[in-house]
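The values are calculated or read from the model by the stated rules, or taken from the named source; none is laboratory data. Only a predicted model underlies this, so the values are computations on that prediction, with no experimental measurement involved. Note: areas computed on protein heavy atoms with side chains; ligands, DNA, RNA excluded. Shrake-Rupley method; radii C 1.70, N 1.55, O 1.52, S 1.80 Å.
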Amino acid sequence: MQPLPIPCPAHLIPDATGTDAFHDVYRNAMAHNAVFVATESEARQRWTVKADTLTVGSGHAVADAVNDAIRAAIARLIQSHEVDLDAYTGPVYFMMHGLRSEERARELAAALHAALYGDPEPLARAVPLTR
């Protein structure tokens, strides 16, 4: 499995549904010193987005301003009831449960991936202030 490109198009975000798939995607991110990002299918046809920067190694830092932008975007998603209240907002591990479509989960995962590599603009487009 190749590392994800940066920026990563939404259709390339891996589906890590199930223990084996999750471990495969996570190990691949670790092997390439890359940010882990994936979607997972939940019960009731909902989706989860997960991301983790521990897989990159200690040399990767996410700027405070970017972490603030990620937290604010996730807060807006919670307020609009697009993701569940139990979302995890980093600064190292990020998770959003309850998304209603795979397409939206992939869009948010790709935007989060870009932000974790220092480009918060896709996240700002995916979760605008006016939501």
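Using a 1.4 angstrom probe on heavy atoms only, work out the carbon and sulfur share of the accessible area of the stretch 1-114 in %.
Numbers: 3190 of 5890 Å².
Its accessible area is 54 percent carbon and sulfur atoms.
May I ask you to rank PHE22, PHE36 by accessible area, largest first, using a 1.4 Å probe over the protein chains only? Present the calculation step by step, with values, prior to reporting the outcome.
Numbers: PHE22 50, PHE36 5 Å².
Listed by decreasing accessible area, they come as PHE22, PHE36.
Could you list which residues have their amide H under 5 Å from that of ALA87, counting only those 5 or more apart in sequence or on another chain, with H placed in the peptide plane?
Residues meeting the criterion, in which the H sits 1.01 Å from N, are HIS97.
At 1.4 Å probe size, with every protein chain present, just tell me what the per residue accessible area of the stretch 15-131 comes to in Å². Present the calculation step by step, with values, prior to reporting the outcome.
Working: 5940 Å² over 117 residues.
Heavy-atom accessible area per residue stands at 51 Å².
Would you check the accessible area of ARG76, probe 1.4 Å, heavy atoms only, in square angstrom rounded to 10?
Roughly 40 Å² of ARG76 is accessible to a 1.4 Å probe.
Report, in deg cm²/dmol and to the nearest 500, the calculated mean residue ellipticity at 222 nm for the chain, where each DSSP H run with n ≥ 4 adds -39500 (n - 2.57) and the sum is divided by the residue count. Provide the component values of the computation, followed by the final result.
Working: 4 runs with 50 residues, N = 131.
The per-residue figure over the chain is -12000 deg cm²/dmol.
Kyte-Doolittle cut-off -0.5, length cut-off 20 Å along the helix's own axis using Cα: show which whole DSSP H helices in the chain pass.
Working: long enough: 64-79 (22 Å, 0.47); 102-116 (21 Å, -0.03).
Within the chain the helices that satisfy the rule are 64-79, 102-116.
With a 1.4 Å probe and every protein chain left in place, tell me how much accessible area SER58 has, in Å² to the nearest 10.
120
Note down the relative contact order for the chain as a percent, whole number, built from C-alpha pairs under 8 angstrom at least six residues apart.
Working: 232 pairs, mean separation 35.7, N = 131.
Relative contact order of the chain: 27 percent.
For Kirkwood radius over Cα pairs in Å, the choices are (i) 18.3; (ii) 15.4; (iii) 14.4; which was calculated from the structure?
(iii)
Give a residue-ordered list of calculated ³J(HN,Hα) values for the stretch 8-18 (Karplus: 6.51 cos²θ - 1.76 cosθ + 1.60, θ = phi - 60°; whole Hz; x for Gly, Pro).
Per residue, the Karplus-derived 3J(HN,Hα) values read 9, x, 4, 5, 8, 4, x, 8, 10, 5, x Hz.
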